[in-house]
1. Mind checking whether some residue in region 102-115 is modelled with pLDDT under 95 and crowded, with 21+ Cβ neighbours inside 10 Å?
2. With 24, 19, 32 as the choices, which residue is surrounded by 15 or more Cβ atoms within 10 Å (Cβ to Cβ), at pLDDT below 95, of a type in the set (Asp, Glu) and not in a loop (DSSP other than H, G, I, E, B)?
3. Read through the list (1) more than 19 Å from residue 167 (Cβ to Cβ); (2) out of contact with any Gly (no Cβ under 6 Å at 6 or more places or on another chain); (3) not hydroxyl-bearing (Ser, Thr, Tyr), then give the number of the only condition that residue 91 fails.
4. Exactly one of (1) farther than 23 Å from residue 54 by Cβ; (2) of a type outside the set (A, V, I, L, M); (3) within 10 Å of the chain's Cα centre (by Cα) is unmet by residue 143. Its number?
5. Need a quick list: strands (runs of 3 or more DSSP E) entirely within region 40-151 having at least 3 residues that are in contact (Cβ under 8 Å) with a residue 40 or more places away in the chain.
6. Just for region 116-132: of the residues that are over 24 Å from residue 51 (Cβ atoms) and modelled with pLDDT of 95 or more, which one is surrounded by the fewest Cβ atoms within 10 Å (Cβ to Cβ)?
7. In this structure, is residue 99 modelled with pLDDT under 90 and either in contact with a helix residue (DSSP H, G or I) (Cβ under 9 Å, 6 or more places away or on another chain) or hydroxyl-bearing (Ser, Thr, Tyr) (or both)?
8. Can you pull out every residue in region 35-48 that is farther than 17 Å from residue 146 by Cβ and either modelled with pLDDT of 95 or more or β-branched (Val, Ile, Thr) (or both)?
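The values are calculated or read from the model by the stated rules, or taken from the named source; none is laboratory data. Note that the coordinates shown come from a computational prediction; the quantities given were computed from them, not determined experimentally. Positions of Cβ are generated from backbone atoms using ideal geometry, with glycine treated the same way; all protein chains shown enter the neighbour counts.
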Amino acid sequence: MLLSFYFFPMFSILKTTLEVLFVEKLEKILKESELTFEIIHHEKPILSAQDGADFLNIEVGQTAPTLIIKTDKGFFSLVLSGSRGKIDFEKIADILSCSKVKLATPKEVQKITGYEVGAVPLVGLDLPYIVDNRLLNYDFIYGGTGHPTITLKIEPKALKKLNQAVVTFD
């Protein structure tokens, strides 16, 4: 019992430290890329596209959640415009020539990316990316950093420049 009392606070500290280290690594990569970006800190996690739009005072279409999808060809990062509202799984399956496409479970997301659902970074994952062309219509988009209370504001061209973008869609 004593072990668990000390283990869980230590795990929480370690997890927070790793998240901060990733954000620092992300910031270094972004500086080297010469892209315009901003790291935005906030007290509470942003849990929806509308929450992000309201908090950041932007259009909901500028929010860019990174979702992990599971297909019969493996896992992909799907970066959508918040204006979509929902995922058209049939369209994504057609684009990827897959028969099965679904959201990865929270456990799969954690295992594949190292991040919890809701904190998956917009750039930097070692997965192929599918990018929503709607995001390219904005000067800046906003998405995850790997830390639930830090948001990345970045030029949308970063999605292709810094990721393994395999396909875009309308």
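1. Yes: region 102-115 contains one or more residues that are modelled with pLDDT under 95 and crowded, with 21+ Cβ neighbours inside 10 Å.
2. Numbers: 24 fails: surrounded by 15 or more Cβ atoms within 10 Å (Cβ to Cβ); 32 fails: surrounded by 15 or more Cβ atoms within 10 Å (Cβ to Cβ).
Only one candidate passes the filter, namely 19.
3. If we test residue 91 against (1) more than 19 Å from residue 167 (Cβ to Cβ); (2) out of contact with any Gly (no Cβ under 6 Å at 6 or more places or on another chain); (3) not hydroxyl-bearing (Ser, Thr, Tyr), just (1) comes out false.
4. All conditions are met except number (1).
5. Details: elements: 66-71, 74-79, 101-103, 128-132, 141-144.
Qualifying strands (runs of 3 or more DSSP E): 66-71, 74-79, 128-132, 141-144.
6. So in region 116-132, the residues over 24 Å from residue 51 (Cβ atoms) come out as 126-128.
If we keep only those that are modelled with pLDDT of 95 or more too, we end up with 127-128.
Values: 127: 20, 128: 17.
This residue is 128.
7. Details: modelled with pLDDT under 90: no; either in contact with a helix residue (DSSP H, G or I) (Cβ under 9 Å, 6 or more places away or on another chain) or hydroxyl-bearing (Ser, Thr, Tyr) (or both): yes.
Here the answer is no, as residue 99 does not meet what is asked.
8. Narrowing region 35-48 to residues farther than 17 Å from residue 146 by Cβ: 35-36, 43, 48.
Within region 35-48, just 36 meets the criteria.
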